[in-house]
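Asks: Just passing along the structure, written as structure tokens.
The values are calculated or read from the model by the stated rules, or taken from the named source; none is laboratory data. In this text the structure is predicted, and so the values were computed from the model without any measurement. Using ideal geometry, Cβ is built from the backbone for each residue, glycine included, and neighbour counts are taken over all protein chains shown.
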């Protein structure tokens, strides 16, 4: 197996892990909307590539929606970025936005398309 194949597998795993966390956050956002809490700050889970991460991110609904417009972008805690699979596109004090690169971007978009279809 060459290093490009291994990198692609790592990128795909990261996109799948982060997409799972995104689904959790979308459910949190749906519940906030249902209970008319959209003006409140959302307490989302970190959408990083580490499947064991349980850190939380406080983010406004508006900020969350802005990131969610891009299926290849994820909200993570500072220091959780993995340069081989993503690039930082925006920084705030409490959170950063990363964009998947390579096969990870494709996988993230496909998973979002599939989730939107359900």
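Asks: Within the range 4-17, which residues are under 15 Å from residue 83 (Cβ atoms) and out of contact with any helix residue (DSSP H, G or I) (no Cβ under 7 Å at 6 or more places or on another chain)?
Replies: Within the range 4-17, 7, 10 qualify.
Asks: Quick one: in the range 38-54, which of the residues that are part of a loop (DSSP other than H, G, I, E, B) and surrounded by 14 or more Cβ atoms within 10 Å (Cβ to Cβ) is modelled with the lowest pLDDT? Spell out the reasoning first.
Replies: Taking the range 38-54 and keeping what is part of a loop (DSSP other than H, G, I, E, B), we get 38-40, 46-54.
With surrounded by 14 or more Cβ atoms within 10 Å (Cβ to Cβ) added as a condition, the list becomes 38, 46-50, 53.
Values: 38: 59, 46: 94, 47: 91, 48: 91, 49: 87, 50: 89, 53: 91.
Checked the range 38-54; the qualifying residue modelled with the lowest pLDDT is 38.
Every residue, every condition in (1) more than 21 Å from residue 112 (Cα to Cα); (2) surrounded by fewer than 17 Cβ atoms within 10 Å (Cβ to Cβ); (3) out of contact with any strand residue (DSSP E or B) (no Cβ under 7 Å at 6 or more places or on another chain), yes or no:
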position: 3; (1), (2), (3): yes, yes, yes
position: 10; (1), (2), (3): no, no, yes
position: 18; (1), (2), (3): no, no, no
position: 75; (1), (2), (3): no, no, no
position: 83; (1), (2), (3): yes, yes, yes
position: 96; (1), (2), (3): no, no, no
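Asks: Given 71, 78, which one is farther than 19 Å from residue 43 by Cα and in a loop (DSSP other than H, G, I, E, B)?
Replies: Details: 78 fails: farther than 19 Å from residue 43 by Cα.
Being farther than 19 Å from residue 43 by Cα and in a loop (DSSP other than H, G, I, E, B) holds for just one of 71, 78, which is 71.
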